[in-house]
Amino acid sequence: MKIMILLAVAALTACGNGITPADELKARLAGTAAEGKILFGHQDALLYGHSWRAENGDALDRSDIRDVCGRHPAVLGLDLGGIEIQDAENLDGNPFDMMKEAAVRHHERGGIVTFSWHPRNPLTGGDSWDVSSAEVVASVLEGGEKHEMFMGWLSACADFLGSLKDAEGNLIPVIFRPWHEHTGSWFWWGRDLCTTEQYVGLWEMTYRYMALERGLDNLVWAYSPGAGPDAAGYMERYPGDDVVDLLGLDCYQYGEAPQSNGTYSAQLKETLAFMTELGKEHGKPIALTETGFEGIPYEKWWTEVLYPAVKDYPLSYLLVWRNAWNRESHFYGPWKGSLSEADFLDFVALPEILLLSE
């Protein structure tokens, strides 16, 4: 299997004809996993960190990760929530013009960019977490009362993703991760808020518009359920190999440490084990698309909890959630002076963990 993946990567590299930006990124992800490496990522890393925030005009060359170890994360996570209603800033206060600049600069440094999307509730006007109605997904599908409006939302999202270009005017490849954590019911597209057919219809409509109608060949499509389901539950609403490029997982640690360390580790290992088999079966790389432990209250979390839980699985990347600039204990990555700083240095010194070179 490893030899086959490496040959595929080599073939893509050697042949430029017909190879899209998304193809190149998919080959990179598959090749990283085949080599037994894991790209490390952090949400919103270049835009803010613990107790600081970038401003328009800044070089966007700071991150909490770089403050700690001298190198940026290999994967930069960003979120499109708010783009659908053409806000100037996303739901976390990041100006979209700065997000665009950060994405391009990270790509030019050799990094990978991934976008999640927390759109507002198109039926009620609430946020993504407004689950007051089980008719929202039905309302945006073809024939629904909000379909036309929602297609405008998709258009605004596509406009932004299609504007991500390098200095030569080429689209940069990005991982696009819509309709995530749908196996739970805390978003309006969640399990108890729509049928399997409606969820798959939402995904297919999004893909058809973005990839086919708009021709965005720079998107790697990531399917990322939340933790908890078994393999059957994980795949219950899988929209199909033709519209998914990567199998992801969102899995967080909750509770007191160290008591909760074992629970988190066991759940992660169990899920990554069947994801490894599903990845082989469907020919898709796998990733830990969101993870972390808020406040990182366990000093050795990186080397004694996270690394042992992921080291035996072919993850292409893992991404920890954001370090809020305005909330003292809301952080998932290390920062200068934090409890787990020294342990993180040991974590990124492991040969399997990849950051950018500077």
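What is the gain in length, in nm to one decimal, between E294 and S51 on full extension, counting 0.36 nm per residue of separation less the C-alpha to C-alpha distance?
Full-extension gain reported as 85.9 nm.
When a footprinting reagent is the concern and you count Cβ atoms within 10 Å, what order do R237, R28 take, fewest first?
Neighbour counts put them in this order, fewest first: R28, R237.
What 222 nm value per residue comes from the helices of the chain, counting each DSSP H run with n ≥ 4 as -39,500 (n - 2.57) and dividing by all residues, nearest 500 deg cm²/dmol?
-10000 deg cm²/dmol
R0 = 22 Å: FRET efficiency of I85 with S133, Cβ-based, nearest 0.05?
0.75
Among V305, M99, H330, which residue has its Cα furthest toward the positive end of the charge dipole of the range 2-354, with +1 on Lys/Arg Cβ and -1 on Asp/Glu Cβ?
Towards the positive end, the residue furthest out is V305.
Taking neighbour counts of Cβ atoms within 10 Å as a proxy for exposure, in what order, fewest first, do I172, I65 appear?
I172, I65
Quick query: amide H of K165 versus all other amide H atoms, modeled in the peptide plane; which residues come in under 5 Å with a sequence gap of 5 or more or a different chain?
Distant-sequence amide H within range of K165: I172.
Please report the antiparallel percentage of the DSSP beta bridges confined to the range 2-354, to the nearest 5.
Expressed as a percentage, antiparallel bridges in the range 2-354 total about 10.
Rounded, prolate or oblate: which fits the chain, taking a ≥ b ≥ c as square roots of the Cα gyration tensor eigenvalues, rounded meaning a/c under 1.5, else prolate when a/b beats b/c?
The shape class here is rounded.
Assign unit charges at the C-beta atoms only (+1 for Lys and Arg, -1 for Asp and Glu), then state the dipole size of the chain relative to its Cα centre in Debye, rounded to the nearest 20.
700
Once phi is turned into ³J(HN,Hα) by the Karplus curve 6.51 cos²θ - 1.76 cosθ + 1.60 with θ = phi - 60°, what whole-Hz value does each residue of the range 19-29 show in order, with x for glycine and proline?
Using θ = phi - 60°, the values come out as 8, 8, x, 5, 4, 5, 5, 4, 5, 5, 4 Hz.
Search the structure for amide H atoms under 5 Å from the amide H of A74, placed 1.01 Å from N in the peptide plane, and list their residues when 5 or more places away or on another chain.
F40, L356
Order these by the 10 Å Cβ neighbour count, fewest first: Y264, Y209.
Ranked by crowding around the Cβ, least crowded first: Y209, Y264.
Between rounded, prolate and oblate, where does the range 39-83 land on the alpha carbon gyration tensor, with a ≥ b ≥ c its root eigenvalues, rounded for a/c under 1.5, else prolate if a/b exceeds b/c?
Judged from the Cα gyration tensor, the range 39-83 comes out oblate (a/c at least 1.5, b/c at or above a/b).
Which residues' amide hydrogens lie under 5 Å from the amide hydrogen of H182, considering only partners 5 or more residues apart or on another chain, with H built in the peptide plane?
G226
If I stretch the segment between D67 and A342 completely, what's the gain in nm (0.36 nm per residue apart, minus their alpha carbon distance), one decimal?
Stretched out fully, the D67 to A342 stretch lengthens by 97.8 nm.
Can you compute the charge dipole magnitude of the range 286-358 about its Cα centre, using +1 on each Lys and Arg Cβ and -1 on each Asp and Glu Cβ, nothing else charged? Give it in debye, rounded to the nearest 20.
180
How long is the gain from T196 to F274 if the chain were fully straight, where each residue apart is worth 0.36 nm and the alpha carbon distance is subtracted?
26.0 nm
Any read-out appearing in this document is the output of simple, stated calculations on the displayed coordinates, not a laboratory observation. Since the model is a prediction, treat every value here as computed from it, not as a measurement. Positions of Cβ are backbone-derived with ideal geometry, glycine not excepted, and every protein chain shown enters the neighbour counts.
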